[in-house]
Every structure is written in structure tokens, then in C-alpha cells.
Amino acid sequence: MNMIIKPVAILAAMLAVSPVAQPKLDPMDNWGQWRGPMGTGVAPHAVPPVHWSETQNIRWKVAVGGLGHSSPIVWGDHIFLTTARPVGQPVATGFPHRPGEHDNVAPRRMQKFIVLALDRRSGAMVWEKTMLTARPHEGMHETASWASASPVTDGEVVVASFGSRGVFGLSMTGDLLWQVDLGDMQTKHGHGEGSSPALYGDTVVVNWDQEANSFLVAIDKRTGSVKWHVHRDEPTSWSSPIIVEVEGKPQVIVSATNRVRGYDLQTGETIWECGGLSGNVVATPVSAKGIVYAANSYDTQAMLAIRLVGARGDVTGSDSVVWTRNRYTPYVPSPVLYDDALCFLRHYQGYLTCVDARNGRTQFGPVRLNGITNVYASLVGAAGRIYIADRRGTTQVVKRDAPFRVVATNRLDDSFSASPAIVGKELFLRGARSLYCIAEDGPKSEPAN
């Protein structure tokens, strides 16, 4: 097999990460990855607002420019974001996927692929770096973007993936440290790319599921060198890897069509695998208390709860599968795992179900969320509440536990496909046009209970 990995060192390895560049901050008080500090969608210490509108509880609103469905990440006083801005004049495509075919948009223009940092308090631009200017090699779905993968940071480096345009490591001040070219991904129907990188210790993991020659790759966060590269027998998926500790040892878990798999983070060796999902896996799994929860609903509806301790080899149908579910499971938005409540939407529609994560028993739902439709953003939670944002600019806030109750329904003049980020008393919503910092400027929000 010919390797298509081309690491490029930009600065000397000793310069790659400065241990004194940033003060040490508690990851639980930040939002360093698109599913939050625990990878479950929950901000455990945060108390964000409940009510807002274009004229209430908006600390600031800034236009980012370009388009990206990547979620903002927050570390200390900075927000990091990616976007793609079109440049130049449209040209004939010369690509096999025509506009309208499979609901696709053809890559008619060059794009600037940009990583930027904003000041958390004011929304002012701190730095903006163009990683490259290029024309995408294939089309994307009309609801997608050229910058859909969310960045990740641990306070030492910022890692941003633009998929086929490269994976980039930057310092916290925006210096380019390294870049890795993983080749050109060939996605199903040319629908585009969106899997976000995961970061644990000094290792970055990128999932590269495509229509042929899929793989999982581990990259050194300091130098960009490849630690390992393993083949995956999978078609295209858009699920992001998660990294969890099992009996003190980190595992990489990836959800996909043929199998959900757990890999040894150090070696890339497959530890266990489990069948049961169907095609076009998008939702990223969540995990806590030794169980991982994976789901999809494109061809058939399925959800698996897999016990990680003791899982070895093919665990399909074994006692390692704690429970399963085949109704009202998610497709695009990933579930939120809040304490022992696992909450998720049906497909990408406004039907919410919460189950007991320990046994799969329904706590409430499916409940129709009036005013919510077409949800691509993953669910997030804080302060006993679940936040659900849709593509029409509506965010509904509901109680986490039974009995079901809508706490608030908020509307903004934008469209939300990116998942929200929650830090402290602030909620960050990245829309198609603007990035919002929602923070209370009036009386305290009502409690969830």
C-alpha cells in the first residue's frame, strides 16, 4: 500500500509547543473540542443563559466571513474557529458531480482555508491565518461547507483539519508548526467531508473513511510526524473519533457502517469491534462510565450501548452489548450524555428522546419539539438543561430529566448547523453569517427544575 501521508515540519520541534505559552487551565472549564471537555456534549461547570434574542442577552455578534459548519472551541480568553472564503471568479467545474446531482454543490471557486482566533470577551479578531488557497477536488452536499471539521486544542496547540486540504498544527498565537497532507478523500456521492480530529496527550487522531482505502491515522501534535496508520474496511462515514480511557489505558473509538471499533491509542491495534449500524454514519459516539453509545438511522435505525471493560475481538451479539435500540435514533446530530441521561433526536428532526444510559429504558419521548426542525447541530447540555439549535435559527432549551418541559424557545436571525459551545456563563452559537456570544445582561435565567 502506497502511503499518501506527507508531513511537513514548519518550525523546529523544540519550538513546536511552548510549555509556558499559556497558563494551565482546567479543561472542564473550557470547550477544547466540538463535543466539549468530556466528549459528551456537556459543560459540567457552566451556567449559560436560558433566554436570548437579537436584542436580549447578546454580548457580541461578529461576522466571520466565508462559510463553515465547524463549531467554535474555547480555551481561556480565546475562541478558535475555521472557515472557508471563496475567492476569484466562478469557473466551469470539470468535475463528475454536477450541481443538483445528489443535492450537490460543485466546487466552482477557489477557497481560502482559514483558522482564526477571537477575543472571548469582545469578539475582536486576535489573529487570522490562511492555511492555503485551493479549489476543492470534489463537490459537497448543498447543506455542507468546505470547513465542517471542528478544530481541537489542549491549550498548547490548535489542530485544524480541512480534510483533503490538509491537517494543520498551530501555536496558540497562530504560528504554523506543521502540516500533514493525507491525500484527496473520495466521499460517497461527493457529499463532502466533516470528521473532526481528536486530541489526547501528544497524539492527534484523524478518521479518513471514504469510498476506497479508508484509514485511521495518529499524528504527533508537536511535530506532525505520523505515529501509526491503519487500514479500515469501511465506506464513507462522517463520524469523528473519540478517545476514552478504559482501565487506565486510552482507546480510540470510531463509529462506522461495518463496525464500531476500539483501537489502542499507542499502536493503532484493533482491540474490539461490533456490528449493528447501517450506512452513512454521521453521529459521533459518546462514552462515560465504561460504556460507549453509537447510533445512526440512515438506512435502518440503530443504537448500541457497548461495555468497554473486557471487550475483545468481535463482540457483536455478546454480553458486551449492554442494550440496543431500533427506534427514533439520530442521523446527523450526535447525542448528548448528561449524567445517566442519554438524549437524542430522531434522524435530524425535532423529536427528542431521553433514555437511562445504564439500561436503555425510556425516561421520556419521543416528544415533538414544536418550532424545531432540520437539526444538524449536535445536542449540548449544561446546568440541568439540553440546548437544541436548528437550521432556521431557533434554539430550544429543555429540562434534562423527566418530566419533559420546554424551558425556553429562542430565535436569532441566522441558521445554525455548527454545534454550540458552552463555557462559564456564556453560550457560543456559530451561524451561517455570524458568531454569537450569548451572555446574560439582565435578571438571572430561570432554573431548569
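FYI, it's all coordinate maths here, none of it is from the lab. Because the structure is predicted, anything quoted here is derived from the model rather than measured. Ideal geometry is used to build each Cβ from the backbone, glycine not excepted, and the neighbour counts take in all protein chains shown.
Remark: segment 70-193 projects, on average over all directions, an area of 7.8 nm² (convex hull of Cα atoms). Applying a 4.7 Å cutoff between beta carbons, the unpaired cysteines of the chain are Cys274, Cys437. For a straight C-alpha distance cut-off of 28 angstrom, the lysines reachable from Lys129 (same-chain residues fewer than eight places away being disregarded) are Lys6, Lys24, Lys61, Lys112, Lys221, Lys227. The local environment of Leu352, defined by Cβ-Cβ distances under 9 Å, has a net charge of +2 under the rule Lys, Arg +1 and Asp, Glu -1.
A simple rule links phi to the HN-Hα coupling: the Karplus curve 6.51 cos²θ - 1.76 cosθ + 1.60 with θ = phi - 60°, which for segment 282-287 gives 10, 4, 8, x, 10, 8 Hz, with x for Gly and Pro.
Size of segment 293-449: Rg and Dmax of its alpha carbons, in Å, are 16.4, 55. Put a plus charge on the Cβ of each Lys and Arg, a minus charge on the Cβ of each Asp and Glu, and nothing anywhere else: the dipole of segment 121-262 about its Cα centre is then about 100 debye. Converting phi to 3J(HN,Hα) with the Karplus coefficients 6.51, -1.76 and 1.60 and the offset θ = phi - 60°, segment 76-83 yields x, 8, 10, 10, 10, 8, 10, 7 Hz in sequence order, with x at every glycine or proline. When DSSP beta bridges are restricted to pairs lying wholly in segment 264-329, around 85% turn out antiparallel. Taking 18 Å as the straight-line reach from the Cα of Lys289, the lysines in range (excluding those fewer than 8 positions away in the same chain) are Lys249.
Could you sort 59-66, 349-356, 156-163 so that the peptide with the highest average Cβ count within 10 Å comes first and the rest follow in order? Display every interim value, and only then the final one.
Working: 59-66: 17.1, 349-356: 21.1, 156-163: 25.8.
Per-residue Cβ counts within 10 Å, averaged per peptide and sorted highest first, yield 156-163, 349-356, 59-66.
Working from label points 7 Å from Cα in the Cα-to-Cβ sense, the Arg121 to Met28 distance is 2.6 nm. Were the residues from Arg327 through Asp339 laid out at 0.36 nm apart, the gain over their Cα-Cα distance would be 2.1 nm.
Would you calculate, for the chain, the mean residue ellipticity at 222 nm contributed by helices, counting each DSSP H stretch of 4 or more residues as -39,500 (n - 2.57) and dividing by all residues, to the nearest 500? Before the final figure, lay out each step's value.
On the way: 1 runs with 4 residues, N = 449.
Counting only the DSSP helices, I get 0 deg cm²/dmol.
Projecting the Cα atoms of Asn104, Trp146, Ser320 onto the charge dipole of the chain (Cβ charges, centred on the Cα centre) puts Asn104 farthest toward the positive pole. The convex hull around the C-alpha trace of segment 199-334, projected and averaged over every direction, spans 7.7 square nanometres. Of Thr133, Thr284, Thr83, the residue with the greatest mean-square motion in the GNM of the chain, using alpha carbon springs below 10 Å, is Thr133.
Toward the positive end of the charge dipole of the chain, with +1 on the Cβ of Lys and Arg and -1 on the Cβ of Asp and Glu, the farthest Cα among Val159, Gln349, Ala46 is that of Gln349.
Which whole number in µm²/s is D for segment 118-254 by Stokes-Einstein, with the Kirkwood Rh taken over Cα pairs at 20 °C and 1.002 mPa s?
Numbers: Rh = 15.8 Å.
Once the numbers are plugged in, D ends up at 136 µm²/s.
Give the peptides 395-405, 423-433 in descending order of average Cβ contacts within 10 Å, highest first.
On the way: 395-405: 18.5, 423-433: 21.9.
Descending packing order for the listed peptides: 423-433, 395-405.
Placing one equal scatterer on every Cα of segment 358-407 and applying the Debye formula, the log10 ratio I(q)/I(0) at q = 0.12, 0.14, 0.15 Å⁻¹ is -0.27, -0.37, -0.42. If you take all other residues with their beta carbon under 11 Å from the beta carbon of Arg121, and give Lys and Arg +1 and Asp and Glu -1, the sum is -1. Of the beta bridges in the chain, as assigned by DSSP with both residues counted there, near 95 percent are antiparallel.
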